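The values are calculated or read from the model by the stated rules, or taken from the named source; none is laboratory data. Keep in mind the model is a prediction, meaning the values are calculated, not measured. All Cβ positions, even for glycine, are placed from backbone atoms using ideal geometry, and neighbour counts span all protein chains on display. Heads up: the accessible areas ignore ligands, DNA and RNA and are worked out on the full protein's heavy atoms, side chains in. Shrake-Rupley method; radii C 1.70, N 1.55, O 1.52, S 1.80 Å.
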Amino acid sequence: MASLELTDMQGFLARGYRGLPEASFLLFRIEEPAAAQAWCRSLAADVTPADPKPSTSALQVAFTGDGLRALGFGDDTLQTFDQAFWEGMDAPYRQRILGDDGESAPGNWRWGTEESPAHVLVMLFAVDADTLDARVETVRDGLQGLAETERLDTTSFEPAREHFGFRDGISQPIVDGLSRTGAPENTVPPGEFFLGYPNAYGERPVRPSVPLAHDPEEILPRTDTEHSGVRGDLGHNGTYVVARQLSQDVQGFWTFVTEASEEVYGSAEERHRLAAKMVGRWRNGAPLALAPDDPDAEPRDDFGYHEEDPDGLRCPFASHLRRSNPRDSLEGGPEESTTVSNRHRLVRRGRPYGPPLADDFDVDDMLAATDDAERGLHFLCLCGDIARQFEFTQQTWIENQKFSGLYDDPDPLMGSPEDESTTFTIPDTPVRRRVTDMQRFVEVRGGAYFFMPSLTALRFLGRADLPA
(Lines give C-alpha, C1' and ligand atoms only; values in the text may rest on other atoms or scores of the structure.)
Protein backbone atom coordinates (compact mmCIF):
# COMPACT_ATOMS: atom_id res chain seq x y z
CA MET A 1 0.00 0.00 0.00
CA ALA A 2 1.25 3.48 -0.87
CA SER A 3 2.21 5.63 2.10
CA LEU A 4 -0.29 8.29 3.12
CA GLU A 5 0.79 11.75 1.96
CA LEU A 6 0.11 13.38 5.31
CA THR A 7 1.87 16.65 4.52
CA ASP A 8 -0.64 17.22 1.70
CA MET A 9 -3.72 16.24 3.74
CA GLN A 10 -5.60 18.54 6.06
CA GLY A 11 -5.01 17.51 9.66
CA PHE A 12 -8.67 16.73 10.30
CA LEU A 13 -8.24 13.57 8.24
CA ALA A 14 -5.70 12.20 10.69
CA ARG A 15 -6.83 13.48 14.07
CA GLY A 16 -9.79 14.93 15.98
CA TYR A 17 -7.70 17.58 17.77
CA ARG A 18 -8.65 16.41 21.27
CA GLY A 19 -5.50 18.16 22.49
CA LEU A 20 -7.03 21.42 21.23
CA PRO A 21 -10.24 21.48 23.32
CA GLU A 22 -11.54 24.88 22.20
CA ALA A 23 -13.22 24.89 18.78
CA SER A 24 -15.46 27.03 16.63
CA PHE A 25 -16.89 26.38 13.17
CA LEU A 26 -17.54 29.33 10.86
CA LEU A 27 -19.92 29.12 7.89
CA PHE A 28 -19.66 31.49 4.93
CA ARG A 29 -21.58 32.37 1.79
CA ILE A 30 -19.60 33.18 -1.36
CA GLU A 31 -20.73 36.50 -2.82
CA GLU A 32 -17.93 37.49 -5.19
CA PRO A 33 -16.23 34.50 -6.89
CA ALA A 34 -13.04 36.26 -7.97
CA ALA A 35 -12.47 37.76 -4.54
CA ALA A 36 -13.28 34.42 -2.91
CA GLN A 37 -10.60 32.77 -5.06
CA ALA A 38 -8.13 35.36 -3.82
CA TRP A 39 -9.20 34.50 -0.27
CA CYS A 40 -8.51 30.81 -0.97
CA ARG A 41 -5.01 31.73 -2.12
CA SER A 42 -4.33 33.67 1.06
CA LEU A 43 -5.87 31.02 3.32
CA ALA A 44 -3.93 28.08 1.89
CA ALA A 45 -0.81 28.91 3.89
CA ASP A 46 -2.79 28.92 7.16
CA VAL A 47 -4.42 25.49 6.76
CA THR A 48 -2.98 22.90 9.14
CA PRO A 49 -1.59 19.72 7.50
CA ALA A 50 -1.90 16.24 8.97
CA ASP A 51 1.82 16.19 9.68
CA PRO A 52 3.32 17.59 11.85
CA LYS A 53 0.87 17.62 14.77
CA PRO A 54 -0.03 21.19 15.86
CA SER A 55 0.58 22.27 19.44
CA THR A 56 -1.51 25.43 19.93
CA SER A 57 -4.11 25.79 17.14
CA ALA A 58 -5.34 24.44 13.82
CA LEU A 59 -7.40 25.68 10.88
CA GLN A 60 -9.28 23.49 8.35
CA VAL A 61 -11.49 24.43 5.42
CA ALA A 62 -14.12 22.62 3.34
CA PHE A 63 -16.64 23.47 0.60
CA THR A 64 -20.17 22.35 -0.27
CA GLY A 65 -21.28 21.60 -3.81
CA ASP A 66 -23.12 24.92 -3.85
CA GLY A 67 -19.92 26.57 -2.68
CA LEU A 68 -17.97 25.17 -5.63
CA ARG A 69 -20.78 26.29 -7.95
CA ALA A 70 -20.54 29.76 -6.45
CA LEU A 71 -16.79 29.77 -7.14
CA GLY A 72 -17.60 29.10 -10.80
CA PHE A 73 -17.29 25.34 -11.26
CA GLY A 74 -19.74 23.81 -13.73
CA ASP A 75 -21.37 20.42 -14.08
CA ASP A 76 -18.36 18.99 -15.93
CA THR A 77 -16.53 19.15 -12.61
CA LEU A 78 -19.31 18.88 -10.02
CA GLN A 79 -20.68 15.67 -11.45
CA THR A 80 -17.33 13.96 -10.96
CA PHE A 81 -17.90 14.27 -7.20
CA ASP A 82 -19.98 11.91 -5.08
CA GLN A 83 -23.58 12.38 -6.24
CA ALA A 84 -24.84 12.98 -2.70
CA PHE A 85 -22.30 15.79 -2.37
CA TRP A 86 -23.37 17.82 -5.40
CA GLU A 87 -27.07 17.17 -4.85
CA GLY A 88 -26.86 18.27 -1.21
CA MET A 89 -28.10 16.93 2.10
CA ASP A 90 -31.37 18.88 1.86
CA ALA A 91 -32.42 17.31 -1.49
CA PRO A 92 -36.02 16.05 -1.08
CA TYR A 93 -35.36 12.34 -1.46
CA ARG A 94 -32.25 12.55 0.74
CA GLN A 95 -34.53 14.00 3.40
CA ARG A 96 -36.46 10.71 3.29
CA ILE A 97 -33.25 8.63 3.32
CA LEU A 98 -31.98 10.40 6.42
CA GLY A 99 -35.32 10.52 8.27
CA ASP A 100 -35.27 14.31 8.39
CA ASP A 101 -38.96 14.93 8.99
CA GLY A 102 -41.05 16.95 11.42
CA GLU A 103 -38.89 19.34 13.44
CA SER A 104 -35.82 17.87 11.74
CA ALA A 105 -37.03 18.68 8.21
CA PRO A 106 -34.70 20.95 6.19
CA GLY A 107 -37.44 23.59 6.09
CA ASN A 108 -36.78 24.10 9.81
CA TRP A 109 -32.99 24.15 9.61
CA ARG A 110 -31.00 27.23 10.58
CA TRP A 111 -28.32 26.64 7.97
CA GLY A 112 -27.50 24.36 5.07
CA THR A 113 -30.55 25.18 2.93
CA GLU A 114 -31.23 27.23 -0.18
CA GLU A 115 -32.49 30.06 2.02
CA SER A 116 -29.48 29.87 4.36
CA PRO A 117 -26.66 28.35 2.32
CA ALA A 118 -23.40 27.06 3.71
CA HIS A 119 -20.79 27.44 0.96
CA VAL A 120 -17.62 27.28 3.03
CA LEU A 121 -16.82 25.78 6.41
CA VAL A 122 -13.78 27.01 8.34
CA MET A 123 -12.98 24.91 11.39
CA LEU A 124 -10.80 26.40 14.11
CA PHE A 125 -9.27 24.50 17.04
CA ALA A 126 -7.15 25.92 19.84
CA VAL A 127 -5.50 25.10 23.12
CA ASP A 128 -7.44 27.83 24.98
CA ALA A 129 -10.26 30.34 24.46
CA ASP A 130 -8.00 33.35 23.91
CA THR A 131 -6.05 31.58 21.17
CA LEU A 132 -9.31 30.50 19.54
CA ASP A 133 -10.80 34.01 19.58
CA ALA A 134 -7.61 35.42 18.09
CA ARG A 135 -7.75 32.94 15.21
CA VAL A 136 -11.43 33.66 14.59
CA GLU A 137 -10.70 37.38 14.31
CA THR A 138 -7.77 36.73 11.97
CA VAL A 139 -10.05 34.76 9.64
CA ARG A 140 -12.69 37.49 9.75
CA ASP A 141 -10.15 40.23 9.09
CA GLY A 142 -8.90 38.41 6.00
CA LEU A 143 -12.28 37.77 4.39
CA GLN A 144 -12.62 38.58 0.69
CA GLY A 145 -15.72 37.89 -1.34
CA LEU A 146 -17.48 35.97 1.47
CA ALA A 147 -20.05 36.79 4.14
CA GLU A 148 -20.21 34.99 7.47
CA THR A 149 -23.59 33.33 8.02
CA GLU A 150 -23.10 31.29 11.21
CA ARG A 151 -20.63 30.79 14.02
CA LEU A 152 -21.07 27.38 15.62
CA ASP A 153 -19.31 27.30 18.97
CA THR A 154 -18.51 24.14 20.89
CA THR A 155 -18.12 22.96 24.47
CA SER A 156 -15.26 20.87 25.80
CA PHE A 157 -15.81 18.05 28.31
CA GLU A 158 -13.05 15.99 29.90
CA PRO A 159 -13.28 13.09 29.45
CA ALA A 160 -15.09 13.47 26.13
CA ARG A 161 -18.86 13.19 26.64
CA GLU A 162 -22.10 14.07 24.95
CA HIS A 163 -24.93 15.86 26.78
CA PHE A 164 -26.88 12.77 27.87
CA GLY A 165 -23.76 12.05 29.93
CA PHE A 166 -22.23 9.14 27.99
CA ARG A 167 -18.55 8.88 27.10
CA ASP A 168 -18.03 9.74 23.46
CA GLY A 169 -15.43 9.04 20.80
CA ILE A 170 -14.62 5.49 21.92
CA SER A 171 -15.83 3.50 18.93
CA GLN A 172 -13.62 4.49 16.00
CA PRO A 173 -12.18 2.48 13.12
CA ILE A 174 -8.42 2.19 12.88
CA VAL A 175 -7.22 3.56 9.55
CA ASP A 176 -4.43 1.54 8.00
CA GLY A 177 -1.44 3.82 7.48
CA LEU A 178 -2.00 6.14 10.45
CA SER A 179 -0.04 5.77 13.68
CA ARG A 180 -2.82 4.15 15.72
CA THR A 181 -2.89 0.35 15.53
CA GLY A 182 -5.27 -2.32 16.78
CA ALA A 183 -7.14 -5.51 16.01
CA PRO A 184 -7.28 -6.43 12.32
CA GLU A 185 -11.08 -6.70 12.44
CA ASN A 186 -11.25 -3.02 13.42
CA THR A 187 -8.68 -1.86 10.84
CA VAL A 188 -10.02 -0.28 7.67
CA PRO A 189 -8.18 0.60 4.41
CA PRO A 190 -7.43 4.33 4.02
CA GLY A 191 -9.48 4.63 0.83
CA GLU A 192 -12.64 4.32 2.90
CA PHE A 193 -11.91 7.86 4.12
CA PHE A 194 -9.09 9.37 2.08
CA LEU A 195 -9.61 9.82 -1.66
CA GLY A 196 -6.91 8.37 -3.89
CA TYR A 197 -6.17 5.20 -1.88
CA PRO A 198 -7.48 1.61 -2.01
CA ASN A 199 -10.82 1.13 -0.25
CA ALA A 200 -12.46 -1.93 1.34
CA TYR A 201 -13.10 -3.36 -2.14
CA GLY A 202 -9.43 -3.06 -3.08
CA GLU A 203 -10.26 -0.29 -5.56
CA ARG A 204 -9.35 3.35 -5.97
CA PRO A 205 -12.73 5.01 -6.52
CA VAL A 206 -13.21 7.67 -9.17
CA ARG A 207 -12.12 10.97 -7.72
CA PRO A 208 -13.30 14.52 -8.41
CA SER A 209 -11.47 15.95 -11.41
CA VAL A 210 -11.35 19.05 -13.60
CA PRO A 211 -10.69 19.65 -17.31
CA LEU A 212 -7.05 20.44 -17.99
CA ALA A 213 -8.10 23.86 -19.26
CA HIS A 214 -9.01 24.82 -15.68
CA ASP A 215 -5.48 24.04 -14.49
CA PRO A 216 -3.05 25.75 -16.88
CA GLU A 217 -0.43 26.04 -14.12
CA GLU A 218 -0.52 22.22 -13.67
CA ILE A 219 -1.03 22.47 -9.92
CA LEU A 220 -3.04 19.25 -9.66
CA PRO A 221 -1.72 15.76 -10.30
CA ARG A 222 -3.11 14.11 -13.44
CA THR A 223 -5.56 11.23 -13.55
CA ASP A 224 -6.69 9.20 -16.55
CA THR A 225 -10.49 8.96 -16.32
CA GLU A 226 -12.49 6.26 -18.08
CA HIS A 227 -14.77 8.52 -20.12
CA SER A 228 -13.06 11.92 -20.29
CA GLY A 229 -9.38 11.13 -20.69
CA VAL A 230 -6.66 12.87 -18.72
CA ARG A 231 -7.90 15.46 -16.20
CA GLY A 232 -6.66 17.28 -13.13
CA ASP A 233 -7.09 15.16 -9.99
CA LEU A 234 -8.98 17.41 -7.58
CA GLY A 235 -9.82 14.70 -5.05
CA HIS A 236 -6.45 13.13 -4.24
CA ASN A 237 -5.70 13.36 -0.48
CA GLY A 238 -9.10 14.91 0.19
CA THR A 239 -12.25 13.58 1.86
CA TYR A 240 -15.94 14.25 2.38
CA VAL A 241 -17.16 15.73 5.66
CA VAL A 242 -20.73 15.15 6.83
CA ALA A 243 -21.82 17.94 9.20
CA ARG A 244 -25.09 17.92 11.14
CA GLN A 245 -26.10 20.10 14.06
CA LEU A 246 -28.03 17.79 16.40
CA SER A 247 -30.04 19.35 19.24
CA GLN A 248 -30.47 17.04 22.24
CA ASP A 249 -33.48 17.04 24.58
CA VAL A 250 -31.50 16.03 27.65
CA GLN A 251 -34.20 16.55 30.25
CA GLY A 252 -36.77 14.86 28.02
CA PHE A 253 -34.50 11.86 27.62
CA TRP A 254 -33.90 11.33 31.32
CA THR A 255 -37.54 12.01 32.22
CA PHE A 256 -38.63 9.38 29.70
CA VAL A 257 -36.02 6.87 30.83
CA THR A 258 -36.87 7.36 34.52
CA GLU A 259 -40.58 6.81 33.93
CA ALA A 260 -40.05 3.90 31.53
CA SER A 261 -37.69 2.10 33.90
CA GLU A 262 -40.48 1.89 36.47
CA GLU A 263 -42.65 0.07 33.93
CA VAL A 264 -39.91 -2.11 32.45
CA TYR A 265 -37.84 -2.94 35.54
CA GLY A 266 -40.23 -1.97 38.34
CA SER A 267 -38.01 0.77 39.70
CA ALA A 268 -36.88 4.25 38.68
CA GLU A 269 -33.51 3.32 40.18
CA GLU A 270 -32.94 1.16 37.11
CA ARG A 271 -32.89 4.19 34.80
CA HIS A 272 -29.15 3.89 34.26
CA ARG A 273 -29.59 0.29 33.15
CA LEU A 274 -32.37 1.20 30.72
CA ALA A 275 -30.39 4.16 29.36
CA ALA A 276 -27.39 1.86 28.87
CA LYS A 277 -29.60 -0.63 27.02
CA MET A 278 -30.75 2.14 24.69
CA VAL A 279 -27.23 3.42 24.03
CA GLY A 280 -25.35 0.09 24.17
CA ARG A 281 -22.80 1.25 26.75
CA TRP A 282 -22.79 2.34 30.36
CA ARG A 283 -22.28 6.05 30.87
CA ASN A 284 -18.54 5.61 31.51
CA GLY A 285 -18.17 3.91 28.11
CA ALA A 286 -18.01 0.25 29.16
CA PRO A 287 -19.78 -1.87 26.52
CA LEU A 288 -22.74 -3.96 27.65
CA ALA A 289 -21.51 -6.84 25.48
CA LEU A 290 -18.54 -7.25 27.84
CA ALA A 291 -19.92 -5.79 31.09
CA PRO A 292 -23.71 -6.27 31.21
CA ASP A 293 -23.89 -5.70 34.98
CA ASP A 294 -20.85 -3.56 35.75
CA PRO A 295 -21.28 0.17 35.07
CA ASP A 296 -17.76 0.78 36.39
CA ALA A 297 -16.00 -1.60 33.98
CA GLU A 298 -13.26 -0.42 31.64
CA PRO A 299 -14.32 1.45 28.47
CA ARG A 300 -13.29 -0.73 25.51
CA ASP A 301 -13.85 -1.07 21.81
CA ASP A 302 -12.22 -4.47 21.18
CA PHE A 303 -15.24 -6.75 21.25
CA GLY A 304 -17.80 -8.47 19.06
CA TYR A 305 -21.36 -9.69 19.45
CA HIS A 306 -21.26 -13.11 17.76
CA GLU A 307 -19.61 -14.89 20.70
CA GLU A 308 -20.28 -12.51 23.58
CA ASP A 309 -23.93 -11.66 22.93
CA PRO A 310 -25.51 -13.52 19.99
CA ASP A 311 -29.10 -13.14 21.30
CA GLY A 312 -28.88 -9.50 22.35
CA LEU A 313 -29.43 -10.36 26.01
CA ARG A 314 -26.63 -8.00 27.02
CA CYS A 315 -26.72 -5.31 24.32
CA PRO A 316 -30.12 -5.16 22.56
CA PHE A 317 -30.21 -5.39 18.78
CA ALA A 318 -32.11 -2.08 18.74
CA SER A 319 -29.50 -0.13 20.75
CA HIS A 320 -27.77 2.84 19.15
CA LEU A 321 -24.30 1.27 19.45
CA ARG A 322 -25.26 -2.04 17.88
CA ARG A 323 -27.07 -0.33 15.00
CA SER A 324 -24.32 2.13 14.16
CA ASN A 325 -21.73 -0.67 13.96
CA PRO A 326 -23.12 -4.23 13.98
CA ARG A 327 -19.58 -5.63 13.95
CA ASP A 328 -19.74 -9.42 13.60
CA SER A 329 -23.48 -9.86 14.28
CA LEU A 330 -24.99 -9.59 10.78
CA GLU A 331 -26.18 -12.58 8.77
CA GLY A 332 -23.58 -14.74 7.05
CA GLY A 333 -21.31 -15.48 9.99
CA PRO A 334 -18.85 -13.32 11.97
CA GLU A 335 -16.17 -13.01 9.30
CA GLU A 336 -18.54 -11.97 6.52
CA SER A 337 -20.42 -9.67 8.91
CA THR A 338 -17.23 -7.90 9.95
CA THR A 339 -16.29 -7.43 6.30
CA VAL A 340 -19.71 -5.97 5.49
CA SER A 341 -19.78 -3.74 8.58
CA ASN A 342 -16.35 -2.33 7.80
CA ARG A 343 -17.56 -1.19 4.38
CA HIS A 344 -19.89 1.27 6.12
CA ARG A 345 -17.62 2.69 8.83
CA LEU A 346 -17.28 6.37 9.64
CA VAL A 347 -14.50 8.38 11.29
CA ARG A 348 -16.36 10.57 13.78
CA ARG A 349 -15.01 13.98 14.74
CA GLY A 350 -17.99 15.57 16.52
CA ARG A 351 -17.96 18.20 19.25
CA PRO A 352 -20.74 19.01 21.76
CA TYR A 353 -22.15 22.51 22.03
CA GLY A 354 -24.05 24.35 24.73
CA PRO A 355 -23.62 24.22 28.53
CA PRO A 356 -24.17 20.96 30.44
CA LEU A 357 -27.61 20.73 31.99
CA ALA A 358 -26.09 19.80 35.35
CA ASP A 359 -22.65 19.57 36.94
CA ASP A 360 -21.04 16.15 36.51
CA PHE A 361 -24.10 15.14 34.41
CA ASP A 362 -25.96 14.19 37.59
CA VAL A 363 -29.35 12.80 36.54
CA ASP A 364 -31.32 14.07 39.54
CA ASP A 365 -29.96 17.56 38.92
CA MET A 366 -30.83 17.24 35.22
CA LEU A 367 -34.42 16.36 36.07
CA ALA A 368 -34.71 19.33 38.43
CA ALA A 369 -33.02 21.86 36.13
CA THR A 370 -34.90 24.85 34.72
CA ASP A 371 -32.22 25.81 32.19
CA ASP A 372 -33.74 26.00 28.69
CA ALA A 373 -30.50 26.71 26.81
CA GLU A 374 -29.99 24.69 23.65
CA ARG A 375 -27.38 21.96 23.79
CA GLY A 376 -26.38 19.18 21.49
CA LEU A 377 -23.73 17.80 19.19
CA HIS A 378 -22.04 19.15 16.09
CA PHE A 379 -21.87 15.74 14.43
CA LEU A 380 -18.94 15.52 12.03
CA CYS A 381 -17.71 12.45 10.23
CA LEU A 382 -15.36 11.59 7.37
CA CYS A 383 -16.09 9.18 4.55
CA GLY A 384 -14.95 8.44 1.02
CA ASP A 385 -18.43 7.52 -0.23
CA ILE A 386 -21.31 9.44 1.35
CA ALA A 387 -24.08 7.15 0.10
CA ARG A 388 -22.36 3.86 0.94
CA GLN A 389 -21.12 4.94 4.35
CA PHE A 390 -23.09 7.71 6.04
CA GLU A 391 -26.42 7.43 4.23
CA PHE A 392 -26.45 3.63 4.29
CA THR A 393 -25.79 3.57 8.03
CA GLN A 394 -28.48 6.17 8.65
CA GLN A 395 -31.16 4.58 6.48
CA THR A 396 -30.48 0.83 6.66
CA TRP A 397 -29.32 0.50 10.26
CA ILE A 398 -30.34 3.54 12.35
CA GLU A 399 -33.69 4.48 10.82
CA ASN A 400 -34.74 0.95 9.88
CA GLN A 401 -37.52 -0.26 12.21
CA LYS A 402 -36.92 -3.86 11.11
CA PHE A 403 -33.16 -3.87 11.66
CA SER A 404 -31.82 -7.30 12.70
CA GLY A 405 -35.24 -8.98 12.74
CA LEU A 406 -37.03 -6.29 14.75
CA TYR A 407 -40.55 -5.15 13.94
CA ASP A 408 -41.15 -1.49 14.83
CA ASP A 409 -37.92 -0.48 16.57
CA PRO A 410 -35.99 2.47 15.11
CA ASP A 411 -32.93 3.89 16.83
CA PRO A 412 -34.01 4.65 20.44
CA LEU A 413 -32.27 8.05 20.50
CA MET A 414 -32.88 9.59 17.10
CA GLY A 415 -34.90 7.30 14.88
CA SER A 416 -38.55 7.55 15.94
CA PRO A 417 -40.57 8.93 13.00
CA GLU A 418 -42.99 11.78 13.56
CA ASP A 419 -46.54 10.70 14.47
CA GLU A 420 -45.69 7.00 14.72
CA SER A 421 -45.85 4.81 17.80
CA THR A 422 -42.64 2.79 17.99
CA THR A 423 -41.02 0.52 20.54
CA PHE A 424 -37.66 -0.42 22.01
CA THR A 425 -37.29 -4.18 22.47
CA ILE A 426 -34.99 -5.59 25.17
CA PRO A 427 -34.31 -9.34 24.79
CA ASP A 428 -34.52 -10.99 28.20
CA THR A 429 -35.40 -14.26 29.93
CA PRO A 430 -37.93 -15.69 30.35
CA VAL A 431 -39.62 -13.06 28.14
CA ARG A 432 -38.49 -9.91 26.37
CA ARG A 433 -39.19 -6.46 27.76
CA ARG A 434 -40.59 -3.65 25.60
CA VAL A 435 -40.60 0.11 26.00
CA THR A 436 -43.54 1.60 24.10
CA ASP A 437 -44.37 5.04 22.72
CA MET A 438 -40.75 5.91 22.04
CA GLN A 439 -39.86 9.54 21.49
CA ARG A 440 -37.25 11.33 19.45
CA PHE A 441 -34.66 12.96 21.68
CA VAL A 442 -32.42 14.36 18.93
CA GLU A 443 -33.46 16.89 16.26
CA VAL A 444 -31.49 18.22 13.28
CA ARG A 445 -30.95 22.00 13.22
CA GLY A 446 -28.70 22.23 10.18
CA GLY A 447 -26.50 20.16 7.95
CA ALA A 448 -24.50 19.85 4.74
CA TYR A 449 -22.06 17.66 2.85
CA PHE A 450 -18.61 19.21 2.46
CA PHE A 451 -15.53 18.38 0.41
CA MET A 452 -12.29 18.89 2.33
CA PRO A 453 -9.57 19.30 -0.30
CA SER A 454 -5.90 18.50 0.00
CA LEU A 455 -3.50 21.41 0.43
CA THR A 456 -2.58 21.05 -3.25
CA ALA A 457 -6.24 21.16 -4.29
CA LEU A 458 -6.85 24.16 -2.05
CA ARG A 459 -4.06 26.06 -3.78
CA PHE A 460 -5.68 25.10 -7.09
CA LEU A 461 -9.05 26.48 -5.96
CA GLY A 462 -7.37 29.84 -5.52
CA ARG A 463 -5.92 29.77 -9.04
CA ALA A 464 -8.36 27.74 -11.13
CA ASP A 465 -8.98 29.22 -14.58
CA LEU A 466 -12.79 29.25 -14.53
CA PRO A 467 -15.22 30.87 -16.97
CA ALA A 468 -16.16 34.40 -15.98
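Here are a few things to note about the model shown:
- Were the residues from Glu217 through Asp76 laid out at 0.36 nm apart, the gain over their Cα-Cα distance would be 48.8 nm.
- Stretch gain in nm, segment Glu420-Glu32, where the contour uses 0.36 nm per residue and the Cα spacing is subtracted: 135.1 nm
- Pairwise centroid distance, computed over Cα atoms, of region 422-453 with region 128-200, Å: 24 Å
- Using a probe radius of 1.4 angstrom, the carbon and sulfur fraction of the accessible surface of region 33-88 is 47%.
- The relative contact order of region 263-349 comes to 21 percent, based on Cα pairs under 8 Å that sit 6 or more residues apart.
- When a 1.4 Å probe is rolled over the protein heavy atoms, the share of accessible surface on region 247-445 that falls to carbon and sulfur comes to 44 percent.
- Under the Karplus curve 6.51 cos²θ - 1.76 cosθ + 1.60, θ = phi - 60°, whole-Hz ³J(HN,Hα) for region 23-35, x wherever Gly or Pro sits: 8, 8, 10, 9, 10, 10, 10, 7, 10, 10, x, 5, 5
- The chain: relative contact order as a whole-number percent, Cα under 8 Å and 6+ apart: 23 percent
- Under the simplified labelling scheme, the Arg180-Gln83 pair shows an inter-label distance of 3.2 nm, with each label point 7 Å from Cα along Cα→Cβ.
- Per residue, the chain exposes an accessible area of 41 Å² to a 1.4 Å probe, with every protein chain left in place.
- For the chain, the longest piece that avoids every one of the chymotrypsin sites (Phe, Trp or Tyr not before Pro) found in DSSP loops with at most 15 other C-beta atoms within 10 Å covers 202-406.
- FRET efficiency for Glu263 and Arg151, using Cβ-Cβ distance with R0 set to 41 Å, rounded to 0.05: 0.45
- 17 Å reach of a label modelled at Glu374, 7 Å along Cα-to-Cβ, counting backbone N of region 106-130: 106-118
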